[in-house]
1. Excluding same-chain residues fewer than 8 positions from B:K24, which aspartates and glutamates have a Cα within less than 19 Å of its Cα?
2. For a quick check, take a GNM of chain A with Cα springs below 10 Å and name the residue from A:S93, A:S42, A:S75 with the largest mean-square fluctuation.
3. I'd like the distance separating the alpha-carbon centroids of the range B:318-336 and the range A:16-32, in whole Å.
4. Apply the Karplus curve 6.51 cos²θ - 1.76 cosθ + 1.60, θ = phi - 60°, to the phi angles in the range B:287-292 and return the couplings in whole Hz, x for Gly and Pro.
5. For B:K201, give me every one of the lysines with a C-alpha distance below 21 angstrom, ignoring sequence neighbours fewer than eight places off in its own chain.
6. Rounded to the nearest 0.05, what FRET efficiency do B:L493 and B:I352 have when you use their Cβ-Cβ distance and R0 = 35 Å?
7. What nm value, rounded to one decimal, do you get for the distance between A:Y112 and B:V472 when each label is placed 7 Å out toward the C-beta?
8. Taking a ≥ b ≥ c as the square roots of the Cα gyration tensor eigenvalues, with a/c under 1.5 meaning rounded and otherwise prolate when a/b beats b/c, else oblate, which class fits the range B:132-172?
Amino acid sequence: MSTHEQTVTTHVHRDDVGARMGMWLFLFTELILFGGLFFVYSVYRFLHQTDFHVAAKSMNVFIGTTNTAILLTSSLTIALSIVALRNRKKILSLTLQGITVIFGLIFLINKYFEWTAEIHHGNYPGSPELLSQPPGHILFYGLYYVMTGLHGLHVIIGMIVIMFMMRFTIKDVITPDRMVKLEAAGLYWHLVDIIWIFLFPLFYLIT
Amino acid sequence: MAGVAETVESNGQGSFLDYKGKHKGIFAWILSTDHKRIGILYMVALLSWFLVGMTLGGLIRIELLTPEGTIVGPQTYNAFFTLHGVIMLFIFVIPGIPAVFGNFFLPIMIGAEDVAFPRLNLLSWYLYIIGGILIILAIFLPGGAPDTGWTFYIPYSVRTSTNMIITLSAVFILGFSSILTGLNFITTIHRLRAPGMDWFKMPLFSWGLYATGWIQVIVTPIIGITLLLVIVERVFGVGIFDPALGGDPILFQHLFWIYSHPAVYIMAVPSMGVISEIIPTFSHRTIFGYKFIAYSSLAIAVFGSLVWAHHMFAVGMSDSAEFIFSLLTFMVAIPSAIKVFNWTATLYKGSIQLDAPMLYALAFIFLFTIGGLTGIIQGALSVDIHLTDTYFIVGHIHYVVFGTAGFGIFAALHYWLPKMIGKMYNMKFAKVAFWIIFTGFNILYFPFFIMGWLGMPRRSYHYLPQFQVYHVISTVGSWIMIAGILMMFYNLLKSAINGPRITERNLWGGETLEWTVPTPPPLTNFDKIPDVINGPYEYKQNDIELEEVK
Amino acid sequence: MINNNELSEHTSHSYSRYILVWMGLLTLTAITVAVAGVNLGDVTITMALVIASIKSYLVITEFMHLNTESRTFKIFLGVALFFIIISIVLLFSDYSKM
């Protein structure tokens, strides 16, 4: 193989598009991780349609809707934080990042109340109340805890990631000219939002 | 995470092995983000684990010398074949070629200085090691080694008292390691090809790694969530797969195989990529049908994701599912066959050089043909009803996984190890070892087809006396093969320790970029990133003009 | 050469676009909740999934800037979605005819 060699001196390798490409690929793995759970949900919903309907009646639509609105708004704030930094408004960007984290926290607090209420009513895996229900009902709640639980875990991860981004922003590791870390964190947060966008109707709105 | 890394001024640098960075001693290796060092770190771990898996295989064969117990009890036997599968598949062959040779050579072959995410690369290796440590813990902690088979089928994987949670966590972590490698390679190939290195000037090994990277990224999360669900089941009894609570154990099988079938293509496709490098080099001919082979790698990735339920033909699926998956299974054979035809056509009128890498490559074609054809046999519903869960399947598995991926690794070792470490092994000895391995392999595994056809079930501690003669033949074959493998490792290890140094850049007359850099390569691979003009495999064309697809 | 400022050239520097998208997302959420109150059987769940898909589309194209990335990224997403869809279809070939 013949090659002509030319002088290319790259001392610092930086590739923002590549970094975003890698992040998107990672997001696919998260999407498909939840996708597997959606496969399980769709099979069991198909097999136990009535039971799922009935079980969903006891879901708290108000908390679910509120949480949906919270996550959607948090997606807005992280997106705006990127615009703010690009406009060189560092404090505004930091504030918006912080608000995003707080919204995540509120989401989790709502979830906590929701779960404790359900557990109080005896709707938890292995409880006598749940086991006395028809199989579709048991599966519905099993899937509810696993899917919203795994989602909640990802909300926590997203919050931790964004808090790291806040630290990087403060320390000028993230700057208006070097923002790909923040963009990547934003992408992750949006995916967490998208997963909830699908979880919400499938658990709360199928009555 | 972001693609920022310092590179050094590279004129007149020594080999990457001699490079002195800011870390000393062992830390210079286990903290290094140099793709070449990471490749070697993987190689050492991988080959050590292979020997463990091979020993387990050998012990299984000894146990099966007699129809009743021979050396161990049934519980231990179940643990043997479980660990043999888990180690050979998740720790040896799935990381396999991408982790060792992909890491070492992909950047060089596309004219890059490293992969897209060097630190993520090191993380992949750490996750791999942690996964391996967890398996060791699973073996030795109270509770005992897992005994469910590597397929972890419900309900036994929930009911067994052995160390399932540790085992499943290990596989989950190993899966994550695999995902990161795939993600890294996809991005590397998209973003870091040297100027002039178009997609269709890339070596076919890169195409193989690209297709494999996609399989790794897309399907591995499915096994992740599936095994996570089993862990949740064991801990919380949620009922997702429990019929008493409305769950469906068959759904577990579906989810398991949605990953584990494409996983076999993670094993096979990189190996095919290695063969696509070796055949043209040792035939001194350009590869026949370059684009067909490139596209077939992608086709295998796509079709391979659509055939999973052919592992479930006898569990009671619907008629339409059985029909559809059988049809798709026949179709997935086509791109693989295309490769075999192209390799064979490359040999035609070539100037064949039968060095050790070529011997392994040719053996690959032979063994893969047998493995692939038996796969088609199994894809036929009416036949598979009788063959499923028999030794026929075990024979098929070993011809395709060992004969393909395994021999691909052996071929790659003989092709590339001297380049990696700058030491040459004894070629005569290597060839002798090859023939012993090849002979032993066939004596060991071919009887499996016969036994399976006659009804010998797999994973069975006891068996009927009429099968004993086949088992004895197999076991003797295993001794021959193991002897050959030990000879092969001895030869390679000896070369690494005190073999003759080589500095020649192009050891075999290859035409891809790794043969243009020093032996061993320097830290940044190239003094200057090459400006690529020609495609790979530009050998002198022979007299007969064969139809070439450009 | 790699242009690391590709994205900022295309993405708007204004906040208003994002706020508009957000309002659209909230509106769609309200619609989906309202529709769920009306019992239309299977249509309800289909509507819910359609609306969820529209919301996701907005998040992906506007918040995640998929529209301003190169075509490669869109093909990537297509691959992932194709896998999910084809897997469900094939999975249901077993379950829809028990």
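1. Leaving aside aspartates and glutamates fewer than 8 places away in the same chain, those within reach of B:K24 are B:E6, B:D34.
2. A:S42
3. Spelled out, the Cα-based centre of one part sits 31 Å from the other.
4. 5, 7, x, 3, 5, 4
5. Within reach: B:K291, B:K339, B:K528, B:K540, B:K550.
6. E(calc), rounded to 0.05, equals 0.75.
7. Here the modelled spin labels are 7.0 nm apart.
8. Verdict is oblate for the range B:132-172.
Bear in mind these aren't lab numbers, they're just calculated from the coordinates by the rules spelled out. Because the structure is a prediction, the values reported are computed rather than measured. For neighbour counting, all protein chains shown are included, and Cβ atoms are generated from backbone atoms with ideal geometry for every residue, glycine included.
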